[in-house]
Number of protein chains: 2
Amino acid sequence: MLHSKFINPKNIAVIGASNNIQTPGGSVLNNLISHNFKGELIAVNPKETEVQGIKCYQHVTEIQNVDVAIIAISAKFTLETIKILAQQKNTKGFIIFSAGFSETSKEGKQLEQQIVEEINNVGGTLLGPNNIGLINQNYAGVFTTPIPKLDSKGVDFISGSGATAVFIMEAAMSTGLTFSSVYSVGNSAQIGVEEVLQHFDKTFNSKSSKVKLLYIESVNNPQKLLKHAKSLIQKGCKIAAIKAGSSDEGSRAASSHTGALANSDVAVDALFKKAGIVRCYSKNELITVASIFMHPELKGKNIAIITHAGGPAVMLTDALSKNGLNVPEINNKQSEDLLTKLFPGSSVSNPIDFLATGTAEQLGIIIDYCENKFDKIDAMVVIFGSPGLFNVSEVYKVLNNKMQLCKKPIYPVLPSFINAKNEIEEFIKYGNINFPDEVLFGEALAKIYTTSKPLIEEKINFNIDKSSIRKIIETSENGYLHPEKVKNLLLAATIPMVNENVCSTKNECIQTAIKFNFPVVMKVVGPVHKSDVGGIALNISSEEKLLQSFETLMNIENAEAVLIQPMKKGTELFIGAKKEDKFGHLVLAGLGGIFIEVLKDTQACLAPVSKYEASEMIQNLKSYKIIQGVRGQEGVNEEIFAEIITKISNLIEVAPEIVELDLNPLFGNSKEIFAVDARIRIEKN
Amino acid sequence: MLHSKFINPKNIAVIGASNNIQTPGGSVLNNLISHNFKGELIAVNPKETEVQGIKCYQHVTEIQNVDVAIIAISAKFTLETIKILAQQKNTKGFIIFSAGFSETSKEGKQLEQQIVEEINNVGGTLLGPNNIGLINQNYAGVFTTPIPKLDSKGVDFISGSGATAVFIMEAAMSTGLTFSSVYSVGNSAQIGVEEVLQHFDKTFNSKSSKVKLLYIESVNNPQKLLKHAKSLIQKGCKIAAIKAGSSDEGSRAASSHTGALANSDVAVDALFKKAGIVRCYSKNELITVASIFMHPELKGKNIAIITHAGGPAVMLTDALSKNGLNVPEINNKQSEDLLTKLFPGSSVSNPIDFLATGTAEQLGIIIDYCENKFDKIDAMVVIFGSPGLFNVSEVYKVLNNKMQLCKKPIYPVLPSFINAKNEIEEFIKYGNINFPDEVLFGEALAKIYTTSKPLIEEKINFNIDKSSIRKIIETSENGYLHPEKVKNLLLAATIPMVNENVCSTKNECIQTAIKFNFPVVMKVVGPVHKSDVGGIALNISSEEKLLQSFETLMNIENAEAVLIQPMKKGTELFIGAKKEDKFGHLVLAGLGGIFIEVLKDTQACLAPVSKYEASEMIQNLKSYKIIQGVRGQEGVNEEIFAEIITKISNLIEVAPEIVELDLNPLFGNSKEIFAVDARIRIEKN
């Protein structure tokens, strides 16, 4: 938790304060003076007695008790200073701008750990080191500019990169997006993105901002991130995040940057999906999503586009409808009625185009029709620029006015930031946010709409034989489990397996084949990658072939025995699980065969996987139509498929030592699904 | 062709000139006066004797001969005015701003046609009506602002929407992108996007700009667009285009906007691909692509990212590597050497991060290493913003300097348009272009790199029986061809068909099956959708089953006979062709079965399809690995597959009356491919 004095200090000391505002210690003092801090400022600098009009002490020992210390001195002097502040000056909040800690060397890392210990000992809070600081409603504790427009209902922004935070604030300022707070976590020595989010969650109340933005380069504590993001969203918040380093090369770039190991990107996607976080990939996308969050929530898919210029409306229509939203045709008595109130040549079929000559009054009428008379419309986008002939502030006043009054969200796309520069600035001063690029806006709106809210936790039914599972795991060694143990684990987890029998002799083979009925399948036991060594014989239909195959298979290197199963038919399916470092387990599902190997058509979910999530995984497959049944082919029972996915999730929850699990293939039809081959690898600490 | 006097007039008359610069007639005169026109200006307005300091005539009959007339009067007065100008004043260039023509009514369309005739009669050129005009090196004949920075090597921009052109110019201005000309074609009554492109092509010389941008809402003459775009690109030009209305809903929006029927989007994609046009979807993407075009061409995939701020570098690395470019690790003696010249903590492994404290001199050294010592690097991106502490103009000077000297392209990403506003403006004044968003830049760079140049025309080998094909077409009626005719057409086109025989009696069936060997396939002849009526019997392996199936099939409604083929095995393939309105024929290919029906995995090419293009189609399939052979399964002979695709292209060239053609399925293996079912529909005028 972040200390309350850190959030709202009575006084702040700047250690390393300077008259030179080109230095961090000078610039932060300048920001604190110019922006809103109501408490007392104290400067520390051995060479000065006054800095920027503030009394300056030569040594930290000389100052009174302070709530927050902002430290802008060389790394090597920080520990001593912090000891004095923590032990003698009752300081609870620390911001360390200085670099030269864990990001550079082992010694730096040690120093950083010592500092954290000192601060932990007094229950204090540390932001940084190696960051740009903190801006909140109470103080502007950063050494960078600009300080964005602050508003308690603005965006709370947590950034893993200080420079990125600056660039995002710079890009956001011209749009009208406001901020409630900006946290730059730097090396996250004590407080990282997860801890700030936890703080937001724990302190959330009716006055809190409901929009959170994250820029993350490394997820240090995925489960904490998931827990608090989900909790905040369930309390009514909206969260968008960039997790940079999403490509393999990007991860390498992130590693070399932060000294942190990057996590698998599929796991990040799965985590965000489970939490309900909207994932973004660029600063402008993040800003656009945040700006949409600041508007009333979109409740349906149907968008009306109101414009005086066709081109942007067409591009926006493309962007919306390609990404899952509709721009439905409007064609009814009311729309005919509306048409009579516009200039000849206008179109009301949606996009509603009221021409280059359209007036402010007409815009008001159109918005009223969309708000009150066009039932199937859920939101409006107003695109209105200027060719530079005349002032459009009357139009923007009407737009502003309607935005206050209407229940349906109205999104303003005002592209003329040269011709209508002053009018847009005026419009923003009313408290509005502008979307300068219609396509970026359209894609962002659709992405938000199609991001699901997190589920209320379903009670997961553990109708599985936990003690057998634990016993198998505890009696096994690290590595791939023997087929017999795999079978018993899956049986204990009530996962339907095709009948099978391990045979060591020809006679056993014959007995088994008679029991199962021909045709049967034979698989070598011993080698892990059976198909690579020619260890699978399908469709054995006679005793003669059975004996032949037995000999062939037993001649394979490392062959111990032969496993016989009845030959099953149906659609090939796949279920897998993988332990993904700190994230926990990912469960994967899809069709088998070429669908995983060529088309990589799988869906992933972070465990535990609920029945609802399992169904969603199935339905999100590109090949879902095949599961439904297509071209007269029998489909696969979705209910049973989803159930087996949740059972795999249950299994790994009971046996978290499973690091890899593959059911590949399962065969499924409309009545039943059987796993016919499985591999499980465990790793105990 | 555009008249030379229209491009470079000695004098220009503004009809409807006004002192009120809030009107088109006032604003255009103001633009002409303020921007660079070296010739004489004449104003016409019945109520004035002088307008904005220019002598004003009361009627067009009173003026001297003029090369260009810009007309900003009510539509109903335009025809009379144009008659006088064309017939009596030797005017060759006309720009009509006025609306109220083909976009609003039948009468308007007639009036527009009469105007075109008048202008055609004197060999004149008409831009518009219903447009914002023309800006080129000689005059600023638009009524809108802003007038962008002009430069003969800047961008030539043709827009189907005036407002969109304005918004694009507004967005481009802050980046430093310059323009050579801007054409707003309005209703394209005489001169559309295609004709302006033709003009660029015909007049292209060493002084011409090499970058063309198009904003298109409706492709009126696809073949003309293709011809001149391709020709320009082969002459060294680069072209990017937005074709708005790419979604179904977007097309509707475009239709209601321009009164033009939108064309199928697949055809647009195919046309752009054949021409080598980079397709864009938003104004900022178009501007970014154009800005990259203005840099030296990227010759390879390997990009070095040079930065003082990790975050944007990581996001850019993600964007590049997800879209087909590399940010290769740099780790060799030279990079170790470079590291010694930077501050401790810097990283040179790529991204090259020289820290927040990095200097201008260090930037210069890094660029020199990338240019001269890191052989595998093809281009550099320099990301350098400012936290607001100090001026970065020294850094930007070094950057500018290196950009002039280096052979490898250097792309500047300068994100601090608040903190480094003045320095960026200075940097742009040197003639540079800035990329404010690293991700948008990265995606655009990759899109350009992966867009192929147009092919030099391959001679297509027409080794097919043209006269037989023509004879079949000429003796057939509109609609689906009879199977016998389909077979003969395909044989004449030398397309390998599975052996087949149409049988009307049981005896014929038995004779055929004996000739082909069991198993065989039986298909009903008569109904078009055979599988829907249960008209296909596979794998007939005995005489008994043969006779049974014959009876069943002949009982189907409209059954005329039964077609027997040998039962072929292999991978199911698909080839199709479709006449796409003005575009000509699209040829499609892919795998059959679920690959077309569920996964929609097809590639399309505008006919004629060369062997190279056919191979590219095959290799671009998502399921290409299956054609190559995967999981021990035999693949498909690509050479033969490509050949059959080109033969289909040949066939439709000889028989353009074919409006739909389906080979579905063909069966292919590594040695041979046979079509086993085909449908052809023809439509003669």
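The values are calculated or read from the model by the stated rules, or taken from the named source; none is laboratory data. None of the values given here were measured: they were computed from a predicted structure. As a convention, Cβ positions derive from the backbone with ideal geometry for all residues, glycine included, and neighbour counts pool all protein chains shown. In case anyone asks, the SASA skips ligands and DNA or RNA and just uses the protein heavy atoms, side chains included. Shrake-Rupley method; radii C 1.70, N 1.55, O 1.52, S 1.80 Å.
General observations
- Local electrostatic count, B:Leu339, Cβ distance below 12 Å [Lys/Arg +1, Asp/Glu -1]: -1
- Formal net charge of residues neighbouring A:Arg631 (Cβ-Cβ distance under 12 Å; K, R +1; D, E -1): -3
- Cα centroid separation, region B:454-507 to region B:360-387 (Å): 60 Å
- Here A:Ile514 yields copy-to-copy label distances, from shortest upward, of 4.5 nm, the label point defined as 7 Å from Cα along Cα to C-beta.
- In this structure the amide hydrogen of A:Ile305, modeled in the peptide plane, comes within under 5 Å of the amide hydrogens of A:Ile352, A:Val381, none closer than 5 places in sequence on its chain.
- Its Cα centre serving as origin, chain B has a Cβ charge dipole (Lys and Arg +1, Asp and Glu -1) of approximately 1300 debye.
- The listed residues B:Phe157, A:Phe674, once ranked by accessible area (1.4 Å probe) with the largest placed first, stand as A:Phe674, B:Phe157.
- Its alpha carbons considered, region A:370-449 gives a radius of gyration followed by a Dmax of 13.0, 37 Å.
- The packing ranking, built from the mean of other Cβ atoms within 10 Å per residue, places the peptides B:310-321, B:57-68, B:20-31 in the order B:310-321, B:20-31, B:57-68, highest first.
- Alpha-carbon Rg with Dmax, taken over region B:148-293, Å: 14.1, 42
- Share, in percent, of DSSP beta bridges within the protein assembly as shown that are antiparallel, nearest 5: 50 percent
- FRET efficiency for A:Ser541 and A:Ile510, using Cβ-Cβ distance with R0 set to 22 Å, rounded to 0.05: 0.95
- Over region A:499-566, all Cα pairs binned in 10 Å intervals from 0 give whole-percent P(r) values of 25, 61, 15, listed from short to long.
- Think of region A:484-574 as a dipole: +1 on every Lys or Arg Cβ, -1 on every Asp or Glu Cβ, centred on the Cα centre; then among A:Val498, A:Ser549, A:His529, A:Val498 lies furthest on the positive end.
- Three-way shape call for the protein assembly as shown based on the alpha-carbon gyration tensor, with the a/c threshold at 1.5: oblate
- Shape of region B:571-682, Cα gyration tensor, a/c cut at 1.5: prolate
- Amide H to amide H distances under 5 Å link A:Val659 with A:Arg681, A:Ile682, A:Glu683, where only residues 5 or more positions off or on other chains count and H is placed in the peptide plane.
- Given A:Lys235/A:Lys273; B:Lys92/B:Lys153; B:Lys274/B:Lys376; B:Lys453/B:Lys600, the pairs whose alpha carbons are separated by over 23 Å: B:Lys92/B:Lys153; B:Lys274/B:Lys376; B:Lys453/B:Lys600
- The label point for A:Thr49 and the one for A:Glu477, both projected 7 Å from the Cα toward the Cβ, are 7.9 nm apart.
- Here is the list for region A:394-480: GluC sites (Glu not before Pro) lying in DSSP coil, each with at most 16 other C-beta atoms within 10 angstrom of its C-beta, are A:Glu457, A:Glu458, A:Glu477.
- With the charge dipole of the protein assembly as shown set up from +1 on Lys and Arg Cβ and -1 on Asp and Glu Cβ about the Cα centre, the Cα lying farthest toward the positive end among the listed residues A:Tyr480, B:Gln565, A:Gly300 is that of A:Gly300.
- Over region B:4-131, the reciprocal of the mean inverse Cα-Cα separation, the Kirkwood hydrodynamic radius, stands at 14.4 Å.
- Kirkwood hydrodynamic radius of region B:509-623, from inverse mean 1/r over distinct Cα pairs, in Å: 16.5 Å
- Simple Cβ-charge dipole of region B:428-585, Lys/Arg +1 and Asp/Glu -1, about Cα centre, in debye nearest 20: 460 debye
- Remark: label point of A:Ser531 defined 7 Å out from Cα along the Cα-Cβ vector; separations to the same position in other copies 2.5 nm, ascending.
- Gap separating the Cα centres of region A:148-179 and region B:10-58, nearest whole Å: 47 Å
- A:Asp662, A:Asp353, reordered so the largest accessible area comes first (probe 1.4 Å): A:Asp662, A:Asp353
- Positive-pole candidate from B:Ile12, B:Leu591, B:Ile239, dipole of chain B, charges at beta carbon: B:Ile12
- Of interest is the spacing of the C-alpha centroids, which for region A:606-642 and region B:625-685 amounts to 33 Å.
- Check: region A:571-682 dipole with +1 on Lys, Arg Cβ and -1 on Asp, Glu Cβ, in debye: 160 debye
- Label sites at B:Gln64 and A:Gln404, each approximated as a point 7 angstrom past Cα along Cα to Cβ, lie 5.8 nm apart.
- Over chain B, equivalent-ellipsoid semi-axes from the Cα gyration tensor in Å: 55, 40, 18
- Inter-copy spacing of A:Lys149 label points, which lie 7 Å from Cα along Cα→Cβ, given in nm from shortest upward: 2.9
- Inter-chain Cβ neighbour average for residues B:136-149, partner chain, 10 Å: 2
- Minimum Cβ-to-axis distance in chain A for the rotation onto chain B, with residue, whole Å: A:Leu599, 4
- Ignoring lysines fewer than eight residues from B:Lys545 along the same chain, the ones with Cα atoms less than 17 angstrom from its Cα are B:Lys506, B:Lys515, B:Lys523.
- For B:Arg279, the solvent-accessible surface computed with a 1.4 Å probe is close to 20 Å², ligands and nucleic acids excluded.
- Sorted on the mean count of surrounding Cβ atoms within 10 Å across their residues, most packed first, peptides A:4-15, B:624-635 read A:4-15, B:624-635.
- Calculated FRET efficiency for the pair B:Lys299/B:Asn620, C-beta based, R₀ 25 Å, to 0.05: 0.65
- Residue-averaged [θ]222 nm for chain A, counting only DSSP H segments that reach four residues, each worth -39500 (n - 2.57): -11000 deg cm²/dmol
- Shape descriptor for region A:313-470: Rg over Rh equals 1.18 (Cα atoms; Rh from the Kirkwood inverse mean 1/r).
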